[in-house]
1. What is the one condition in (1) at pLDDT below 95; (2) of a type outside the set (D, E, K, R); (3) out of contact with any helix residue (DSSP H, G or I) (no Cβ under 7 Å at 6 or more places or on another chain); (4) part of a strand (DSSP E or B) that ASN220 does not satisfy?
2. Could you check, for region 70-92, whether at least one of its residues is of a type in the set (Gly, Ala, Ser), under 14 Å from the mean Cα position of the chain (by Cα) and modelled with pLDDT of 95 or more?
3. Only one of SER236, SER193 is at pLDDT 60 or above, closer than 12 Å to ILE110 by Cα, under 18 Å from the mean Cα position of the chain (by Cα) and of a type in the set (Ser, Thr, Tyr). Can you tell me which?
4. Where residues in region 72-86 are touching a helix residue (DSSP H, G or I) at 6+ places or on another chain (Cβ under 8 Å) and of a type outside the set (Ser, Thr, Tyr), which of them is surrounded by the most Cβ atoms within 10 Å (Cβ to Cβ)?
5. Output the number of residues of region 40-77 satisfying the condition of being farther than 28 Å from ASP101 by Cα and of a type in the set (Lys, Arg).
6. Before we move on, is VAL258 of a type in the set (A, V, I, L, M, F, W, C), in contact with a helix residue (DSSP H, G or I) (Cβ under 7 Å, 6 or more places away or on another chain), surrounded by fewer than 18 Cβ atoms within 10 Å (Cβ to Cβ) and modelled with pLDDT under 95?
7. With the requirement that a residue be β-branched (Val, Ile, Thr), surrounded by 18 or more Cβ atoms within 10 Å (Cβ to Cβ) and part of a loop (DSSP other than H, G, I, E, B), what does region 40-71 give you?
Amino acid sequence: MSHVLSDRRSFLGLAGSALLAACAPKSDEVFTQNSGPQAEYGFTPVEGYGPLDDNGFHLPPVPPQYLQWPNRRQLVYYDGSRAPGTIEIDPYAKFLYYILDDGTAWRYPIAVGRAGLSLKGSTVIRRKQEWPGWQPTANMLRRQPEVYGAFARGVEGGLASPLGARALYLYRGGRDSYYRIHGTNDLGSIGNSGSAGCIRLFNQDIIDLYGRVSIPTTVNVRTAEDSLRLVGPEFSPRGVELPAKIVSPETIYGATDVVPDAGT
């Protein structure tokens, strides 16, 4: 493929996924079936990011200000070299690709925490969990006790969990790497780099991705050079470094005595 054609295909994928198939959402489409969500939430939910009732939990819609293009799930042309049925993470452009067998991929906007920035090479998803609980690792507690100390005993799965609605657990050499691809309640982190966490998606996106992923699934991480070559300087690097957030466990996460899982 020539450089010109590659650039053209990348532009088409980034600018207009609706050109590919009827199932690809248009960037300006919204739910219009009724006025219920508008009345309840004060805005019309964006298609694909509306309210969800899932396993007894009610997820509110993602406010539109967090979904400014390209921060939306899109079906795009895929110009990378990874195999269909695998995942490629671009931590520099803040995208995750689930690769299909027709030259396209589902592209999800992500946040990349400090732990996620250290993820290199290949890992394999060998475990999936709905509404996972969370516990900070010993390293997180040692590095930032003012942020994580209140949660040392763990947070049970649910709306308050920092792992969100779903988690995909990454293994290397048959052992848990303690890297995760997971949901998040920190909506403003998507498209940016955070002080903590691994690879985070909107809860609506991690639910969508979770349904596509089988066990095992290979996960590859793009290099900075490949990111710049494939998406261009407009998107690589993308986002800003966000400061750590100190929250009240009683009012935000509801920390409990449950010790469910290690790693983010």
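1. Exception for ASN220: condition (1).
2. Checked region 70-92: no residue is of a type in the set (Gly, Ala, Ser), under 14 Å from the mean Cα position of the chain (by Cα) and modelled with pLDDT of 95 or more.
3. Of the residues listed, the single one that is at pLDDT 60 or above, closer than 12 Å to ILE110 by Cα, under 18 Å from the mean Cα position of the chain (by Cα) and of a type in the set (Ser, Thr, Tyr) is SER193.
4. Selected residue: GLN74.
5. 0
6. When the stated conditions are applied, VAL258 does not pass them.
7. VAL62
The values are calculated or read from the model by the stated rules, or taken from the named source; none is laboratory data. This one's a predicted model, so the numbers in the text were calculated from it and none came from an experiment. All Cβ positions, glycine included, derive from the backbone under ideal geometry; neighbour counts span all protein chains shown.
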